[in-house]
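For reference, the structure is listed below as structure tokens.
Where a number appears in this text, it was derived from the coordinates with a stated rule and is not lab data. Since the structure is predicted, the reported quantities are computational estimates derived from the model, not experimental observations. All Cβ positions, glycine included, derive from the backbone under ideal geometry; neighbour counts span all protein chains shown.
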């Protein structure tokens with residue numbers, strides 16, 4: 001199987017493309033992209049690219065997993081590369097928020113603005129499933145419900161560190177940190 005792994009992967013990608021692929025597999029690759037890993041079940045994993053300035057979100061159990069960041073603590077459900085990580089972008093970046101799930105609706109809500117690590121997520125925040133904040137990330141921002149395979153854009157105009165979560169799956173591990181700072185560097189990802 002190892003010798004033919006690349007051929008098998010290409011066959012899976014082609015099969016998904018032929019049947020519509022659920023819409024969550026980006027087709028453009030090249031400069032400004034990163035590899036993303038999507039679990040297709042216990043025996044299959046699909047590798048694809050997540051375009052630059054994109055946040056992918058899904059339940060940790062669907063493939064993004066959780067990660068204990070050395071500074072921030074446990075985060076999960078959101079990534080800008082391969083698996084769960086603390087997110088980071090420079091100010092005034094417009095990012096695409098993509099629901100990677102083939103099944104579940106998700107949101108990205110700002111839980112609260114913080115002054116630095118660790119991420120002390122409140123146990124029962126009030127998170128909205130309706131869009132709030134006029135497309136600009138800040139206190140009170142909510143993306144609204146994003147259907148499986150769909151995307152929205154959000155402008156990161158307000159500098160700072162934000163605790164974020166999914167209104168539908170906050171208690172299932174979809175809690176993360178997004179840093180809007182100059183010279184932003186995302187945190188490390190989950191090591192398989």
Practice item. Rank by packing, highest mean first: peptides 124-130, 149-155, with packing defined as the count of other Cβ atoms within 10 Å averaged across residues. Key: 149-155, 124-130
Check your understanding: If you take the square roots of the eigenvalues of the alpha-carbon gyration tensor of the range 99-192 and sort them as a ≥ b ≥ c, do you get rounded (a/c under 1.5), prolate (a/b over b/c) or oblate?
Key -> rounded
Check your understanding: For a paramagnetic label modelled at 7 Å from the Cα of residue 113 toward its Cβ, which residues of the range 166-186 fall within the zone defined by backbone nitrogen distances under 20 Å?
Key -> 166, 176-185
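Using a Förster distance of 22 angstrom, determine the FRET efficiency expected from the C-beta separation of residue 181 and residue 132, and round it to 0.05. Let's see the in-between values first.
Working: r = 23 Å, r/R0 = 1.06.
Efficiency for this residue pair is about 0.40.
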Practice item. With label points built 7 Å along Cα→Cβ from the Cα atoms of residue 52 and residue 157, find their separation and express it in nm. Key: 2.4 nm
Study note, to complete from the structure: By the C-alpha gyration tensor axes a ≥ b ≥ c (rounded if a/c is under 1.5, else prolate when a/b exceeds b/c, else oblate), the shape of the range 39-180 is rounded
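What FRET efficiency comes out for the pair residue 71/residue 102, r = Cβ-Cβ distance, R0 = 35 Å, nearest 0.05?
Details: r = 32 Å, r/R0 = 0.92.
Using R0 = 35 Å, I get an efficiency of 0.60.
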Practice item. Arrange the peptides 132-139, 73-80 so that the one whose residues have, on average, the most other Cβ atoms within 10 Å appears first. Key: 73-80, 132-139
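How big is the antiparallel share of DSSP beta bridges in the range 52-180, given as a percent to the nearest 5? Each step should come with its number before you reach the end.
Details: 27 of 35 bridges.
Antiparallel bridges make up about 75 percent of those DSSP assigns within the range 52-180.
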